[in-house]
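Data first, discussion second: the structure below is written as structure tokens.
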Amino acid sequence: MKTILTGIRSNSEMTLGNYLGALLPMVRLANEHSDEYQINIFVPDLHSIISDVDGDLKKNSIRSLKYYLASGLELNENIHFYRQSYVPAHSELCWILDCVATMGETSRMIQFKEKSNGQDSCNVGIFNYPILMAADILLYDATYVPIGEDQFQHIELTRNLATRFNNRFGETFTVPAKTSDQVKFMGEEDGIRIRDLINPEKKMSKSTKAENSKIMMDDSPERAAKKIMSATTDSLGEINFDIKNQPGISNLMLIESVVSNTSLSEVVENWKGKTRYGELKKKVAESVSGLLSDFQNRLGQITDEQILDLLKEGEAYANKIANQKLLEAQKAFGLR
Ligand code: TYM
């Protein structure tokens, strides 16, 4: 069976960007394919500690796993929940891949440049983070990895490392699908990048200070609606999907498309040429506040015990699969 795998860091509450870029696509894929694929949903808690954590990481991890259930994930025996730090093979394979990756390719990662801010004083984990991500994916021979567009470069790096390893040491890892094929598999027209509501040139990010720039998954539906109503648009006066010249308006159409599970071209077709930005904002505000109110109601009904039970099964499964793959890699490298 092939594997679909994803992880979302739980340093703090999630943004609507995390939710629409990675979590919801994963839930939709899992519900569609969990009879023919293994579905691995994990919390990359070792990735979390490269930067500050708001609150208690252990509790945040449980909360973020609840989000999948609150978004309608239908459980079955092919769905596995685990925490990265409970599967030591991730760190072990990361070290082996460190010895395959080059400084040059790792230094080119945009996320590294952004997160390190060009400072030598940044921790080494920030540099190493995409290699650990490659280990997360390759240990399970994952083919599809639902993620937002900002992480695509890390998939390409993972593909390069897997190919190089296989060529040098013998066929060991499944090379994940190309990002263009991942996008097709997810039924999207392009990778998803939800933008900052005030500065739509940037992606929506938890680390942005301005509250009105981002929608958090614990915002009240009313608060979220107000943030959308005050989103930056432009003065062109006509609705078009044009990221370069109308990033704010385009962002609203993208949000509408993902939230309403309608293709982007259909949403664009419906709004193209209209002139009332307020109407588009109102529609998006309604869709997002409806999503938040359903999500928050369901979230309140999920207990920690439910998640801990799932983790028990999931971590046993993950350790079994990951240890087998690690042993293969160790043998190929001459360590065993
Ligand atoms: P993280 O925790 O920064 O983000 C989690 C997911 O949310 C997506 N995302 C967005 N998508 C669209 N628009 C946005 N504004 C937006 N902001 C964030 C990210 O693309 C991501 O999919 N390294 C990863 C976590 C990770 C992982 C993995 C993912 C570790 N190992 C293995 C997949 C497979 C990260 O830091 O994502």
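The values are calculated or read from the model by the stated rules, or taken from the named source; none is laboratory data. These numbers were taken from a predicted model, which means no experiment stands behind them. Note that we place each Cβ from the backbone using ideal geometry, even for glycine, and neighbour counts take in every protein chain shown. With ligands, DNA and RNA removed, areas are computed over all heavy atoms of the protein, side chains included. Shrake-Rupley method; radii C 1.70, N 1.55, O 1.52, S 1.80 Å.
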Discussion item. So for region 50-63 (the condition being away from the ligand (no atom under 13 Å from the Cβ), within 24 Å of Arg223 (Cα to Cα) and assigned to a loop (DSSP other than H, G, I, E, B)), does at least one residue qualify?
Written reply: yes
Fill in: Any hit, region 295-311, residues being outside any helix (DSSP H, G or I) and surrounded by 17 or more Cβ atoms within 10 Å (Cβ to Cβ)
yes
Fill in: Residue count, region 160-187 (criterion: more than 15 Å from Glu149 (Cβ to Cβ), out of contact with any Ser or Thr (no Cβ under 9 Å at 6 or more places or on another chain) and free of Cβ contacts under 8 Å to residues at least 40 places away in the same chain)
3
Worksheet item: Out of all the residues in region 27-42, is one or more over 30 Å from Lys227 (Cα atoms), within 9 Å of the ligand (Cβ to nearest atom) and either open to solvent by 10 Å² or more (accessible area, probe 1.4 Å) or in contact with a Lys or Arg (Cβ under 9 Å, 6 or more places away or on another chain) (or both)?
Response: yes
Worksheet item: Just to be sure, is Gly237 free of Cβ contacts under 8 Å to residues at least 24 places away in the same chain and touching a Phe, Trp or Tyr at 6+ places or on another chain (Cβ under 9 Å)?
Response: no
Worksheet item: Of all residues in region 280-294, how many are among the polar types (S, T, N, Q) and surrounded by 15 or more Cβ atoms within 10 Å (Cβ to Cβ)?
Response: 2
Practice prompt. Give the residue, chosen from Gly118, Gly125, that is open to solvent by 60 Å² or more (accessible area, probe 1.4 Å) and either closer than 21 Å to Met14 by Cβ or more than 10 Å from the ligand (Cβ to nearest atom) (or both).
Written response: Gly118
